[in-house]
1. Can you tell me how region 1-131 classifies by the Cα gyration tensor, rounded, prolate or oblate, using a/c under 1.5 as the rounded cut?
2. Which longest run of the chain has no exposed loop site in it, a site being GluC sites (Glu not before Pro) in a DSSP loop with at most 13 other beta carbons within 10 Å, and the site itself not part of the run?
3. Given H placed on each backbone N at 1.01 Å, which residues far from Ala26 in sequence or on other chains put an amide H within less than 5 Å of it?
4. Only four residue types carry charge here, +1 at the Cβ of Lys and Arg and -1 at the Cβ of Asp and Glu. Report the dipole size of region 1-81 about the Cα centre in Debye, rounded to the nearest 20.
5. Of the candidates Ala327, Ala198, Ala156, which one comes out as most mobile in a Gaussian network treatment of the chain with C-alpha springs shorter than 10 Å?
6. Going by the alpha-carbon gyration tensor, a ≥ b ≥ c the square roots of its eigenvalues, is region 302-354 rounded (a/c under 1.5) or, if a/c is not under 1.5, prolate (a/b greater than b/c) versus oblate?
7. Rounded to the nearest percent, how much of the accessible area of the chain (1.4 Å probe, protein heavy atoms only) is carbon and sulfur?
8. Using a probe radius of 1.4 Å on heavy atoms only, what accessible surface per residue do you get for the chain? Whole Å² is fine.
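The values are calculated or read from the model by the stated rules, or taken from the named source; none is laboratory data. For clarity, every value in this text was computed on a predicted model and none was experimentally measured. All Cβ positions, glycine included, derive from the backbone under ideal geometry; neighbour counts span all protein chains shown. The protein model used for the area step is the full one, side chains on, heavy atoms only, and it has no ligands, DNA or RNA in it. Shrake-Rupley method; radii C 1.70, N 1.55, O 1.52, S 1.80 Å.
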Amino acid sequence: MTTRIMWFRRDLRLADNPALLAAAEADEVVPLFVVDPRLWGTSGAPRRAYLARSLDALRERTGLVVRRGDPAEEVVRAARAAGAESVHAAADTGVYGRERDGRVERALADAGVPLVRTGSPYAVAPGRVRKPDGSPYRVYSPFYRAWRQVGWHAPAGSPRDVRWVRPLEDQGVPDVPDLGATHLPPAGEEAARRRWRAFRDERLHGYAGTRNRPDLSGTSRLSVHLKYGELHPRTVLADLGDDEGEGAESYRKELAWRDFYADVLWEEPRTAREAYRPEMARMRQDEAGALLDAWRAGRTGFPFVDAGMRQLLTEGWVHNRVRMVVASFLCKDLHLDWRLGARHFMQHLVDGDLASNNHGWQWVAGTGTDAAPYFRVFNPVTQGRQHDPDGDYVRRYVEELRDVPGGAVHEPWTLPGGLPTGYPERVVDHGEERKEALRRYQEVAG
């Protein structure tokens with residue numbers, strides 16, 4: 001009898017999982033997940049709670065063994081207990097993941113067991129899309145064209161008749177904190193596939209026209225499923241096939257953004273915490289204080305911003321258009337460091353992904369992969385009126401404004417009776433702060 005270990009990480013599924021197919025060539029497979037204290041401790045409550053639910057779903061199908069501790073110790077312990085001939089996993093291209101996997105590989109080598117990496121969480125693995133001279137892309141649009149040319153593999157099959165074995169005690173996940181008012185979506189591979197099919201069949205065709213409307217149910221909300229690998233982007237792209245309609249093309253581009261930011265982080269690991277454009281780190285920033293607290297709580301006096309921040313607290317998710325607006329407000333109206341916002345998002349997002357989150361913040365803040373970022377200052381009122389024209393999104397999340405009709409909800413300070421009871425005054429003058437933001441950017445950008 002031969003035994004291999006399938007070390008699940010960001011691939012919590014059975015279908016279209018090349019690493020699992022490789023492990024399943026053995027007579028027996030140990031389904032293993034290790035709760036790494038370094039990752040568990042820094043994850044926000046929504047991500048910990050969702051992961052626990054996703055692991056429960058995988059356990060029902062495989063008898064998953066969950067261990068707690070340093071992966072360099074726990075993976076080796078599992079390999080020895082099972083007499084495993086190899087350990088299989090998808091490649092982790094993140095900053096910490098690369099370092100951790102190096103330690104695990106060395107520890108396994110001392111035990112005479114190889115770590116076999118197959119596949120990655122991305123349609124096109126970081127490092128594969130390069131300019132003709134071999135250098136990485138700094139701008140998304142040419143990256144996307146090259147990404148299409150490089151292409152991706154067809155979905156892998158599903159293993160059949162796997163004999164799952166559990167040579168170690170299942171320790172389960174640590175206690176999951178109380179989420180309070182935060183409501184999470186269903187977790188697991190089946191939930192991911194249901195959500196994708198519903199979007200594909202019902203909303204994909206109109207996606208190009210509705211994806212920027214937070215008042216409508218126009219997006220797929222697959223980000224959390226992609227984050228945990230309950231669904232692979234390769235599966236989604238295969239479903240899109242040769243469809244060149246506006247909806248399919250727009251959705252393809254969103255998947256490419258995910259690969260682009262992973263590629264940036266692969267090439268420049270420092271950008272997880274530092275400005276991609278080093279000169280922008282010299283820009284003057286204000287001290288965090290009451291304004292940061294107002295932004296976090298969704299009490300800035302700008303309804304579109306406040307709705308987004310309250311959506312974050314109640315759903316662990318924010319519509320992408322709104323993410324850009326609230327990020328711009330923090331960086332360019334309040335003049336605060338983008339890292340403050342990125343950390344807050346990572347604490348509350350259920351789909352928090354380091355590469356996408358932090359580089360998305362840098363794109364808005366003007367410190368990232370963009371040629372002329374400081375001219376892009378989102379006006380929260382204009383953005384609200386354009387993308388939430390009837391005010392439905394704002395009323396959904398800002399209780400104090402639920403009785404304000406139509407688009408007037410975006411400028412409640414103009415109401416004949418004044419601001420509704422309980423809603424705050426604007427914390428800044430957007431027009432003046434926009435001018436100040438441009439002055440500060442021009443000081444460092446020239």
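1. rounded
2. Excluding the exposed sites themselves, the longest stretch runs over 26-168.
3. none
4. For this selection, approximately 360 debye.
5. Most flexible of the set in this elastic network: Ala198.
6. Here region 302-354 falls in the oblate category.
7. 47 percent
8. On a per-residue basis, the chain sits at 42 Å².
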